[in-house]
Amino acid sequence: MRGMKRGIGMLLIAWLCVACRHEVSDRLMGKWQLQTVEAQGSIAQVDTVWYNFQSESLFMYQIYRPLSNDYFYTYGYKVQPEEHTLKLELTNYTILVKDFLPHTDWPNARRTFTVDYIDGRRLILHAGDTTYTFRRY
């Protein structure tokens, strides 16, 4: 009986450790609004761009266009080969990538980011010489 209680206790502890583990990919889930883009010493305020991480492998890049009062978006794939590396790739799902890219600062359909910081409210990504700061929306 005592051994059984100890075994159950060990299983409970192991389960709690797994349940409490917060990997970067888990914390990315949800909608993130871009707030600032910092490049070459200047900071631009942004409030019309969202990255939506919808699953382990899918994301949506969404842009609000105030002049037409609508949203422009496309979907893509998300891969995290390492905890602090985020690779995103746009697809031709809702719009051709070549038609979407001019509305972004992405040089092509694939972008690799370093996850500099993430918590429940803030996300900081880095690509090349550019830093992107998001807030959870």
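Odds and ends about this structure:
- Of 37, 115, the sequence from fewest to most neighbouring Cβ atoms within 10 angstrom is 37, 115.
- Relative contact order, whole percent, for region 23-136 stands at 25, derived from Cα pairs under 8 Å and 6 or more residues apart.
- Computed from phi, the 3J(HN,Hα) profile of region 120-135 under the Karplus parametrisation 6.51, -1.76, 1.60 (θ = phi - 60°) reads x, 10, 9, 9, 10, 10, 10, 9, x, 9, 10, 10, 10, 10, 10, 10 Hz, with x in place of Gly and Pro.
- Whichever aspartates and glutamates have a C-alpha closer than 17 Å to that of residue 87, once near sequence neighbours (fewer than 8 apart) are set aside: 23, 26, 56, 105, 116, 129
- Karplus 3J(HN,Hα) series, Hz, for region 38-47 with 6.51 cos²θ - 1.76 cosθ + 1.60 (x for Gly, Pro): 10, 8, 6, x, 10, 10, 10, 7, 9, 9
- Scalar couplings 3J(HN,Hα) for region 28-37, obtained by applying the Karplus form with A = 6.51, B = -1.76, C = 1.60 to θ = phi - 60°, are 6, 3, x, 10, 10, 9, 5, 10, 9, 10 Hz; x denotes Gly and Pro.
- Put simply, the amide H of residue 122, placed in the peptide plane, has neighbours under 5 Å in 136, leaving out anything fewer than 5 places away on its chain.
Computed from the coordinates by the stated procedures, all read-outs in this text should not be read as laboratory data. Remember, predicted model here, so these are calculated numbers, not experimental data. Cβ atoms come from the backbone with ideal geometry, glycine included; neighbour counts cover every protein chain shown.
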